[in-house]
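Reviewing the structure listed below.
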Amino acid sequence: FLFPDGNPDPTGSKDEMVAWAREMYRELSPETGVFFDFLAQYELFDLETRPGKRMGGYCTGFQAWQAPFIFANFNGTSADVDVLTHEAGHAFAYYTASREQQLAEYCHSTNEINEIHSMSMEHFTYPWMDKFFGDKADKYRYAHLCQALNVLPYMMCVDEFQHLIYDKPDMSARRRRQVWRDLERTYMPWRDYDGVPFLEEGGFWMQKQHIFLYPFYYIDYALAQMGAFEFYGRMKQDRTAAWSDYLTLCKAGGSKGYLDLLKLARLSNPFAEGGVANAVSHVVEEVSASPYR
Ligand SMILES: [Zn+2]
């Protein structure tokens, strides 16, 4: 927990939260209003958990109907709200691109762009979090920003680890654990395993399924967070302009490559000198000035 008295949980039932999300998206922009009405009209979500249901959450799309679909397992925590912002961000991007693009393959992009769609929506919806969290909305926004920042060094640690171990497939299990522990000390020197031998020895990496299943995918989230943070910074200056660039990005789907899409949305290249600092510095400032710090 980030807060000693517990992290903020949303106050409503599933139906209430869907109704609040509908109001939120109608107020956010005309485009999101039409989109969420469409989602609600055709019941394009399966949100509640039930026995035997597959775990997790995701968004997919049905090309023939130009319709996104959101799957989730609500559990009464702030993760439920993240579904209504993050997965709805993916859904909005698909809904928008599938009405602009002629080719099915162009209706979505690669992950370092797709996650800009979803993560930016988490920031665009900040002003409506009072609906979901009442007087704990500021706590939610603070926790959300901290978490988005905190996870960045972990993502980079996973990425470098992938490079090192894939490069030497016959590395011993013990050596892999040493490599992980060394990288942890570089990227996250504050980690304290309190003497638990398995973790002190470098065993933590094994719980990250991406290392086994999805080579080099994890860093895409960090790259996308750069774009989302940059949009968030621009929202603070000029929300209308930020929304307009975001909409342009969503409409373009995967019709261009990564760098061209960034340019189209007026986002910096995170690989360019100063790109990361530019995206992150205003977030560090905001978090540092928070009364919850
Ligand atoms: Zn996502």
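Other residues within the sphere of radius under 12 Å centred on the Cβ of R141, judged by their own Cβ, net out at -2 (K and R +1, D and E -1).
Dividing the C-alpha radius of gyration of the range 149-218 by 2.2 N^0.38 Å, with N its residue count, gives 1.05. Rolled with a 1.4 Å probe across the full set of protein chains, the surface gives V284 an accessible area near 60 Å². Taking Cβ atoms as reference points and 13 Å as the exclusive limit, the residues near G227 contribute a net charge of -3, counting Lys and Arg as +1 and Asp and Glu as -1. Using a probe of 1.4 Å on the protein chains alone, the accessible area found for D9 is around 80 Å².
Helix 137-167 and the long axis of the chain differ in direction by around 50°, with both axes built from C-alpha atoms. Relative contact order, whole percent, for the chain stands at 19, derived from Cα pairs under 8 Å and 6 or more residues apart.
If you roll a 1.4 Å probe over the range 149-218 with all protein chains in place, what percent of the accessible area is carbon or sulfur? Taking all protein chains in place, the range 149-218 shows 56 percent carbon and sulfur surface.
Seen against the Cα atoms of the chain and their longest principal axis, helix 173-187 is set at about 60 degrees. Counting only protein heavy atoms and using a 1.4 Å probe, the accessible area of R191 comes to about 60 Å². Helical content alone sets the calculated 222 nm signal of the chain at -18000 deg cm²/dmol, taking -39,500 (n - 2.57) per DSSP H segment of four or more residues and averaging over every residue. Per residue, the accessible area of the range 94-148 comes to 39 Å², computed with a 1.4 Å probe over protein heavy atoms only.
For the range 149-218, the solvent-accessible area with a 1.4 angstrom probe is 60 square angstrom per residue. Between the Cα long axis of helix 239-252 and the first principal axis of the chain there is an angle of about 80°, rounded to the nearest 10. What percentages make up the Cα-Cα pair-distance distribution of the chain when the bins are 10 Å wide from 0? Percent of Cα pairs in each bin: 6, 25, 33, 26, 9, 1.
Within the range 39-143, list the chymotrypsin sites (Phe, Trp or Tyr not before Pro) lying in a DSSP loop whose Cβ has at most 15 other Cβ atoms in a 10 Å radius. When the chymotrypsin sites (Phe, Trp or Tyr not before Pro) of the range 39-143 are filtered for loop state and at most 15 Cβ neighbours within 10 Å, Y42 remain. Remark: C-alpha extents of the range 94-240 on the principal axes read 52, 45, 24 Å, sorted largest to smallest. Quick check on the range 1-80: take the gyration tensor over C-alpha atoms, sort the square-rooted eigenvalues as a ≥ b ≥ c, and tell me if it's rounded (a/c under 1.5), prolate or oblate. Oblate. Between M188 and Q147, the modelled label-to-label distance comes to 1.5 nm, taking each label 7 Å out from Cα in the direction of the beta carbon.
With a Förster radius of 22 Å applied to the beta-carbon distance between T11 and F71, the computed FRET efficiency rounds to 0.40.
The values are calculated or read from the model by the stated rules, or taken from the named source; none is laboratory data. Just so you know, these numbers come straight off a predicted model, no measurement behind them. Please note: Cβ atoms are built from the backbone with ideal geometry, for glycine as well, and neighbour counts cover all protein chains shown. Accessible surface is based on the protein model in full, side chains and every heavy atom, while ligands, DNA and RNA are left aside. Shrake-Rupley method; radii C 1.70, N 1.55, O 1.52, S 1.80 Å.
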